[in-house]
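Below is one structure, written out as structure tokens; comments come after it.
The values are calculated or read from the model by the stated rules, or taken from the named source; none is laboratory data. Values in this document were obtained by computation on a predicted structure and should not be read as measured data. Methodologically, a virtual Cβ is constructed for each residue, glycine included, from the backbone with ideal geometry; neighbour enumeration extends over all protein chains shown.
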Amino acid sequence: MRREESSPRPDWDATIRSQGLVYVDTELPDGGIMSYWDETAAYAFSLDEVLRLEEATEELHRMSVAAAEHIVTRGRYAEFGIPAWAAEAVARSLREAPPALYGRFDLWYDGSWPPKLLEYNADTPTALVEASIIQWYWLEHTRPELDQWNSLHERLVGAWAKIGADLHDKRVHVAWSNEEESGEDQITAGYLAETARQAGLDVELLPIQHIGWDGRRFVDAADRPVTTCFKLYPWEWMLAEPYGPLALAPGTPTTWIEPAWKLLLSNKALLAVLWELYPGHEYLLPAYLDSPRGMTEYVAKPLLGREGGSVRIVMSGTEITNPGSYGDEGFCYQQFRALPEFAGSRMVLGSWIVDGESAGAGVRESESLITDGYARFLPHYIDAPRSP
């Protein structure tokens, strides 16, 4: 893997907006505006490298599912901040194996082997539109003879087709929160709705705030039953709201995507359980729930922190960064591994998985040690001819 300077297309801004990246502008603390999409550089991967990273991604997913099974078997819900009343519903969700769609691993990777897992965004991962659509069109416009680690669109359509084959009612509701102001969640939900339509499903796109309860079941604004619902809305938020128990009740006739057991994979406590089950694994960093256990350089991650959320980085016993505020749900203490630096920026590799299979990658860069809301997305390509 290498970072290469690249010449932006003359009309790049208007082009990416027309393709759906309406949330491209990021407001800086000083009031200025920076572009989230950055094509002044691109990352090049070798084909052999991508194939190895795909294998690593799928192995990490298998390990994560095995960890979820272990958590349920041992009843370790309290360590994940999951309320006791929801435990049986989470166990039932894993046992019954309802449909699951996608997720994104964030990996430390500098071009050498092996990559290291930083976290698994398994419930409501974003940065999807830019990874699936925007960078693919960039490749076609700038390097049409080359390939890209990107089968996201085809795999999403295929996964929806697989889900639809088992549905009696082909209507699927796709929901997002209208409280998210950047437009990213709405565009992401709209894109996922389009992949479901291409798979032959009848899709209704709506804010999750427009879903109601009629005393027996969840219904949309037209009082139609919500029997299958993809929600770009975190399970931990749902559990904290009045309708949370109804969403998990065994008699409620709604299939949620992602399913409730994904609570276990999107929680940072997963990192500690993985290290416990697979100590010394080449793709993992040491991680613990009770304390740093003697680590002098570590990251304290809130268990339910969202992507780019508040974390504490401690190096040589000294706290060097402390952005934001912290909840009281506890922390996972993971060994600190500084993100690799390229041209003065810190890079994180997002590796996508759809229906259990590796599906593509997205590269983000940040000026800080934490990939936060001021990160930039850079396109990539495989330094090999495109497959026929």
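Which residue, of ASP372, ASP383, is in a strand (DSSP E or B) and of a type in the set (D, E, K, R)?
ASP383
In the range 309-340, what residues are within 16 Å of ALA269 (Cα to Cα) and either modelled with pLDDT under 85 or in contact with a helix residue (DSSP H, G or I) (Cβ under 6 Å, 6 or more places away or on another chain) (or both)?
GLY309, SER310, VAL311, ARG312, TYR326, GLY327, ASP328, GLU329, CYS332, GLN334, listed by residue number.
Scanning for something under 29 Å from GLU282 (Cβ atoms), out of contact with any Leu (no Cβ under 9 Å at 6 or more places or on another chain) and of a type outside the set (Lys, Arg), does the range 77-89 turn up at least one residue?
No: the range 77-89 contains no residue that is under 29 Å from GLU282 (Cβ atoms), out of contact with any Leu (no Cβ under 9 Å at 6 or more places or on another chain) and of a type outside the set (Lys, Arg).
List, please: which pairs have Cβ atoms under 6 Å, are six or more places apart or on different chains, and start with a residue in the range 113-136 that is closer than 30 Å to GLY280 by Cα and end with one that is assigned to a loop (DSSP other than H, G, I, E, B) and hydrophobic (A, V, I, L, M, F, W, C)?
LYS116/LEU285; LEU117/LEU284
Scan the range 212-253 for residues that are β-branched (Val, Ile, Thr) and either farther than 28 Å from LEU304 by Cα or surrounded by fewer than 20 Cβ atoms within 10 Å (Cβ to Cβ) (or both) and report the count.
Selection size over the range 212-253: 3.
Considering only the range 209-237, state which residues are part of a helix (DSSP H, G or I), hydrophobic (A, V, I, L, M, F, W, C) and under 26 Å from MET63 (Cβ atoms).
Once the filter is applied, which keeps residues that are part of a helix (DSSP H, G or I), hydrophobic (A, V, I, L, M, F, W, C) and under 26 Å from MET63 (Cβ atoms), the range 209-237 yields only TRP235.
Can we say TYR283 is surrounded by fewer than 22 Cβ atoms within 10 Å (Cβ to Cβ), modelled with pLDDT of 95 or more and among the aromatic types (Phe, Trp, Tyr)?
In short, yes.
Quick one: ALA300 ticks every box in (1) in contact with a strand residue (DSSP E or B) (Cβ under 7 Å, 6 or more places away or on another chain); (2) part of a loop (DSSP other than H, G, I, E, B) except a single one, so which number is it?
Result: ALA300 passes all but (2).
Is one or more of the residues making up the range 191-204 under 16 Å from GLU258 (Cα atoms), of a type in the set (Gly, Ala, Ser) and assigned to a helix (DSSP H, G or I)?
Taking every residue of the range 191-204 in turn, at least one turns out to be under 16 Å from GLU258 (Cα atoms), of a type in the set (Gly, Ala, Ser) and assigned to a helix (DSSP H, G or I).
For the range 264-278, does any single residue satisfy the condition of being in contact with a Leu (Cβ under 8 Å, 6 or more places away or on another chain), closer than 23 Å to ARG104 by Cβ, at pLDDT below 95 and not in a loop (DSSP other than H, G, I, E, B)? So that I can check it myself, show each step before the final result.
Let us first name the residues in the range 264-278 that are in contact with a Leu (Cβ under 8 Å, 6 or more places away or on another chain), namely 264, 267-272, 274-275, 278.
Going one step further and asking which of them are closer than 23 Å to ARG104 by Cβ, we end up with 264, 267-272, 274-275, 278.
Next cut, at pLDDT below 95 only: none.
So far as the range 264-278 goes, no, none of its residues is in contact with a Leu (Cβ under 8 Å, 6 or more places away or on another chain), closer than 23 Å to ARG104 by Cβ, at pLDDT below 95 and not in a loop (DSSP other than H, G, I, E, B).
Looking only at the range 195-206, decide whether some residue is free of Cβ contacts under 8 Å to residues at least 60 places away in the same chain, in contact with a Ser or Thr (Cβ under 9 Å, 6 or more places away or on another chain) and over 22 Å from PRO98 (Cβ atoms).
no
Which strands (runs of 3 or more DSSP E) sit wholly inside the range 83-186 and have at least 2 residues that are modelled with pLDDT of 95 or more and either surrounded by fewer than 18 Cβ atoms within 10 Å (Cβ to Cβ) or in contact with a Pro (Cβ under 7 Å, 6 or more places away or on another chain) (or both)?
102-108, 171-176
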